[in-house]
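The values are calculated or read from the model by the stated rules, or taken from the named source; none is laboratory data. In this text, all values refer to a predicted model and were calculated from it rather than measured experimentally. Backbone-built Cβ (ideal geometry, glycine too); neighbour counts: all protein chains shown.
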Amino acid sequence: MTAVTAGTAGSAGTAGGAGTIGAADAAAVEAAAHEAVFDAAVAADERIEPRDWMPEAYRASLVRQIAQHAHSEIIGMQPEANWITRAPSLRRKAILMAKVQDEAGHGLYLYSAAETLGTSRDELLDKLHSGRQKYSSIFNYPTLTWADVGAIGWLVDGAAITNQVPLCRCSYGPYARAMVRVCKEESFHQRQGYEALLALSNGTEAQHAMAQDAVNRWWWPSLMMFGPPDDESTHTAQAMAWKIKRHSNDELRQRFVDIAAPQADALGLTLPDPDLRWNEERGHYDFGPIDWTEFWDVLKGNGPCNDQRLSKRRQAHEDGAWVREAAAAHAEKHTGGNNGKAQA
Amino acid sequence: MTSDGWPLWEVFVRSRRGLSHTHAGSLHAPDAEMALRNARDLYTRRSEGVSIWVVPSAAITASSPDEKDPFFDPAADKPYRHPTFYEIPEGVKHL
């Protein structure tokens, strides 16, 4: 997250308005040279850093992906925070608070990474609040019982980890570095969820049923987190060519199913898929068809909690306005405005 | 008030005594004191540091955008700065 250069990112290599054919040719030659350097760096598995020349489409694609990722982290605080005051023990409560705080941290790492591409924090938040940038659809599902907190940790964070580990080798340096930090912290998230579910599964009959119900509701949405099937994914091919993504949606989904199926057995819970079974020949678990109609419907805004999540987010931002104003006024009073704005 | 009014700070963390501060990331904060507090919450939640520096990003002067440009050339043609440049007779020890 070398954000030093956020403001100047991309200034290199911008062709000016060409008044003559000669100038246009020169600009084209320069752009081609920049492109060649960029392509060679990606091919050699080197990292692209903020002030390097990069194709505009690469920059736009990264902003879209990192912003969506950052938004998911902070919207993702809501479904779990819903249970902080009702956690069944002080231990579980402390764990849940630490986890929700981590999610805020992950959002901040990612916003910083996005800002190195020349966008601003305000612009990103504005686009989230106005619905112009998305967050993961998984967070539009409600957390109906305490067991949902466990299911989110195990399945939702588990799917996220499967997605994020390869992103640690993403071609864009600041994003890759943010993901290294995030991945280190995610494994606690997944394990605390698994442990909470295990406690319920081994508990009373009612507790076991509650755990099973949560897994039944979260399993399919977790599989949808990997995005549409490869042949319908609009971004995958280009993102893989740029080495932003390292594996396709379907590959990662299969990897997750292979990991989760035996974990469910160890929990003493079942996954809600009659077609789920080990395929000796493929060396993978087979699983049933995913209801993509539901996926697209939730993405369009028709999920159970879309409106609630966004309005709560906007409200939190508005409610925090006086704190931001007070902090700025305090800084102004004590430093006369000379606080890091030296060249701004 | 927007966070645009909050400058960007670069955060450097010393993970333990004996090591230098290394760049951990960046954050927005209204002043140095808040930047330090935010850096503690953001980058040392798991005892990753014993000391933090925060520096206004605007105060950093960086070398030119292209990290392979002639700025670094003077170092490239001076292999005699490396110990492996020199031939030493076999059997000579502690050299």
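Within region A:274-306, the set of residues being aromatic (Phe, Trp, Tyr) and within 17 Å of A:Pro228 (Cβ to Cβ) comprises A:Phe287, A:Trp292, A:Phe295, A:Trp296.
Of the helices (runs of 4 or more DSSP H) entirely within region A:61-141, those holding at least 2 residues that are of a type in the set (Asp, Glu) occupy A:90-115, A:121-129. The listed residues are A:Ala264, A:Ala326, A:Ala260, and the only one of them that is of a type in the set (A, V, I, L, M), in a helix (DSSP H, G or I) and without any contact (Cβ under 8 Å) to a residue 24 or more places away in the chain turns out to be A:Ala326.
How many of the residues in region A:81-118 are among the hydroxyl-bearing types (Ser, Thr, Tyr) and either touching a residue at least 60 places away in the same chain (Cβ under 8 Å) or in contact with a strand residue (DSSP E or B) (Cβ under 7 Å, 6 or more places away or on another chain) (or both)? Residues in region A:81-118 being among the hydroxyl-bearing types (Ser, Thr, Tyr) and either touching a residue at least 60 places away in the same chain (Cβ under 8 Å) or in contact with a strand residue (DSSP E or B) (Cβ under 7 Å, 6 or more places away or on another chain) (or both): 3 in total.
Considering every residue within region B:56-73, establish whether at least one is within 23 Å of A:Arg181 (Cα to Cα) and within 11 Å of chain A (Cβ to nearest Cβ). Yes, some residue in region B:56-73 is within 23 Å of A:Arg181 (Cα to Cα) and within 11 Å of chain A (Cβ to nearest Cβ). Check whether at least one residue in region A:149-170 is within 13 Å of chain B (Cβ to nearest Cβ) and either under 22 Å from A:Ser222 (Cβ atoms) or acidic (Asp, Glu) (or both), and report yes or no. Among the residues of region A:149-170, not one is within 13 Å of chain B (Cβ to nearest Cβ) and either under 22 Å from A:Ser222 (Cβ atoms) or acidic (Asp, Glu) (or both), which makes the answer no.
The criterion of at least 3 residues that are among the aliphatic types (A, V, I, L, M) and surrounded by 15 or more Cβ atoms within 10 Å (Cβ to Cβ) is met by the following strands (runs of 3 or more DSSP E) wholly inside chain B: B:8-14, B:51-56.
Take the conditions (1) at pLDDT below 95; (2) in a loop (DSSP other than H, G, I, E, B); (3) not aromatic (Phe, Trp, Tyr); A:Ala28 misses just one of them, which is (2).
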